[in-house]
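Some notes on the structure that comes next.
The values are calculated or read from the model by the stated rules, or taken from the named source; none is laboratory data. Because the structure is a prediction, the values reported are computed rather than measured. Methodologically, a virtual Cβ is constructed for each residue, glycine included, from the backbone with ideal geometry; neighbour enumeration extends over all protein chains shown.
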Amino acid sequence: MKAALSYRPKLCVLEEPFSGLDALVRDEFIGGVLEVDALGQWTVLVSSHDSDEVERLGDHVAMMIAGVPGNC
């Protein structure tokens with residue numbers, strides 16, 4: 001897997017960031033994202049089918065049902 005991250009991005013888009021990660025790596029990854037997010041300098045947009053994980057992490061959650069966005 002290859003990954004790239006711009007230096008101090010204003011917006012970070014993560015598509016299915018938890019798939020394929022074991023529990024330890026997933027927890028470390030989430031901790032790192034939350035740590036940087038706590039600085040309040042960027043926005044993280046997560047696109048995932050794991051709604052439980054997204055709801056646990058997100059301040060705002062939106063879902064698409066049949067291609068139509070809606071707020072939850």
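Of all positions in segment 22-41, none carries a residue that is touching a Leu at 6+ places or on another chain (Cβ under 7 Å), within 20 Å of Tyr7 (Cβ to Cβ), in contact (Cβ under 8 Å) with a residue 24 or more places away in the chain and not in a helix (DSSP H, G or I). Give segment 3-45 a look and list any residue that's of a type in the set (D, E, K, R) and exposed (fewer than 14 other Cβ atoms within 10 Å of the Cβ), or say none. Hits for segment 3-45 are Arg8, Lys10, Glu15, Glu16, Asp22, Asp27, Glu28, Glu35.
Among the conditions (1) assigned to a loop (DSSP other than H, G, I, E, B); (2) of a type outside the set (Lys, Arg); (3) out of contact with any strand residue (DSSP E or B) (no Cβ under 9 Å at 6 or more places or on another chain); (4) at pLDDT below 85, Glu55 misses just one, which is (1).
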